[in-house]
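Working notes for the structure below.
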Amino acid sequence: MSTFLKFPPNFLWGAAMSGPQSEGWLGKRHENIMDTWYRICRNDFYKGVGPDVASDFLHHFENDFRLMKEIGLNSFRTSIQWTRLIANLETGELDPNGIAFYQAMIRAAKANEIKLIFNLHHFDLPTDLLDRYAGWESRHVVDLFVKYAKTAFQLFKDEIHEWTTFNEPMVMIDGGYLYGYHYPHYKNEGKRAVQVLYHIVLANALVTQAYHQLDPEGKIGIIVNVTPAYPRSDRKEDQEAARFFDLFHWRSFLDASIHGHFPDELVEILRKDGVLWKAEAKDESLLSLNRSDFIGINYYHPTRVQATEGQIFEKWLPDQYYAHYDWPEKRVDPYKDWEIFPKALYDIAKEMTKRYPKTPWFVSETGMGVHDEGRFRNKDGVIEDLYRINFYKEHLFWLHKAIEEGASCFGFHTWAALDCWSWNNAYKNRYGFIEVDLNDQTRTIKKSGRWYRQVSLENGFEIEEDPFV
Ligand code: BG6
């Protein structure tokens, strides 16, 4: 017997991308840290391919929005680039070409009846601000970001009514300060990482407040990568390890932007360990007043953790509270080595309902990157990415179940609408509904894009009864 999984009315069926991963460099006034990383170390990137051209969204966006409509997207998130919109980072003076580009993008989205959500920051700190002020370690950078955000809100206030502040701030902390996999490649800098976390939370609060003052009807939120921790066992020590992992990696951001303060437990641990951030007296009230209207959750994979075995760390690191554990039963996406565990979406939804019952949220990214998709091309030239369709079906199954049980999830966005450039992997693993041929930038809709159109049109899809339980 089969069942039709119907989603709530006005559900967002969409996809995400980001400026730095799609637009290309042309016309930008400044480098961001990812651009710099590529300029100084091309070999870090698969086949030496960089963000200089990327998917050339800069020149193809009009056609790309038409294709997005064709695959049924009713909404689309991308990020505007600080480094394109602002000519002078200190004074906030605007770049007219940057304005013109984003206005043209807004017109193209509108012409195709696609709700456009603008994000302000997708890992793309201007390099000047890192070099001059140590980036997010500096409070001055918070002020400059607020200036940029206010300018953007003012510019686009008549057309854009949904904004997000940061995409996955924890990745900037993990990648840039703790484990070194992103530029500036600092490692084991726990105390500095905590300061960065604090400043991003503060910037989020200030920008949220500025937006609410400008447009009381509009909505603004933050996008957090949730990698929920599953403990190895019921042992108290393993449970505590999982609890700390969640506390540090994502509850820090969610509590601060929904409850208006960090979790007390986290503050106590950081204080006891001597790594608590530096704050100003007025900050407490700044944080407490400025709540996100909604949350975006990027979910790709869970985290399996266990208690540590008392390793000694020379410098403070969150890892002194948990160790990673390899779950023997895991199913893995071999191209990225990420565990595929769709039920986590149900668990996350339950957690959201329990901890933040009044805050609506959406899945702002999930997806599966696959290497060498040309293998799956059929005789008509279309990539038959059944693995991607199954991946989404499984995730949507669990999401639907959670919604039926009361979760206030209002949408599902995949990564990505088109194949995009990735940090390090460049175009090795493809994520899009729409294939991008890097030789000539032609676009071809994959089988998953046609499938998504149907899902969006019917606001759901049919499955064999509970095939994934
Ligand atoms: C998300 C990011 O974490 O994962 C995207 O928001 C990113 O920017 C996506 O591209 C997929 O990860 P990756 O590293 O394979 O590009």
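Below is a table of values for the structure above.
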| read-out | value |
| --- | --- |
| Gyration tensor (alpha-carbon) shape descriptor, the range 25-160, a/c threshold 1.5 | oblate |
| Computed magnitude of the charge dipole of the range 2-464 (debye, nearest 20; Cβ of K, R +1, Cβ of D, E -1) | 380 |
| Cα gyration tensor shape of the range 190-256, rounded if a/c is under 1.5, else prolate or oblate by comparing a/b with b/c | prolate |
| Relative contact order of the range 361-437, pairs being alpha-carbon contacts under 8 Å that are 6 or more residues apart, as % | 43 |
| With every protein chain in place, the chain: carbon and sulfur % of accessible area (1.4 Å) | 49 |
| Karplus (6.51, -1.76, 1.60) ³J(HN,Hα), θ = phi - 60°, over the range 437-445, in Hz, Gly and Pro reported as x | 8, 6, 5, 9, 6, 6, 10, 9, 6 |
| Accessible area (Å², 1.4 Å probe, nearest 10) - Asp238 | 10 |
| Span-rule helices in the chain, defined as complete DSSP H runs reaching 20 Å or more along the axis (Cα) with Kyte mean at least -0.5 | 96-111, 139-156, 190-214, 386-404 |
| Cα-based Rg and Dmax for the range 2-464, where Dmax is the largest Cα-Cα distance (Å) | 21.2, 66 |
| Where labels lie 7 Å past Cα in the beta-carbon direction, separation of Ala111 and Val53 in nm | 2.4 |
| Sum of -39500 (n - 2.57) over DSSP H runs of 4+, divided by residues of the chain (222 nm, nearest 500) | -11000 deg cm²/dmol |
| Per residue solvent-accessible surface (Å²) - the range 296-431, probe of 1.4 Å | 41 |
| Solvent-accessible area of Tyr322 with every protein chain in place, 1.4 Å probe, in Å² to the nearest 10 | 10 |
| Rel. contact order, % - alpha carbon contacts under 8 angstrom, at least six apart, the range 2-464 | 20 |
| Charge tally in the Cβ shell below 13 Å around Ala279, where Lys, Arg are +1 and Asp, Glu are -1, Ala279 excluded | +1 |
| Probe 1.4 Å - accessible area at Val332, Å² to nearest ten | 50 |
| Pairwise label distance in nanometres, Ser233 with Arg331, each label 7 Å out on the Cα-Cβ vector | 2.7 |
| Estimated FRET transfer efficiency (Lys282, Lys315; beta-carbon r; R0 35 Å; 0.05) | 0.70 |
| Gain in span if fully extended, Asn439 to Arg132, counting 0.36 nm per residue against the direct Cα distance | 106.8 nm |
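The values are calculated or read from the model by the stated rules, or taken from the named source; none is laboratory data. In this text, all values refer to a predicted model and were calculated from it rather than measured experimentally. As a convention, Cβ positions derive from the backbone with ideal geometry for all residues, glycine included, and neighbour counts pool all protein chains shown. Accessible surface is based on the protein model in full, side chains and every heavy atom, while ligands, DNA and RNA are left aside. Shrake-Rupley method; radii C 1.70, N 1.55, O 1.52, S 1.80 Å.
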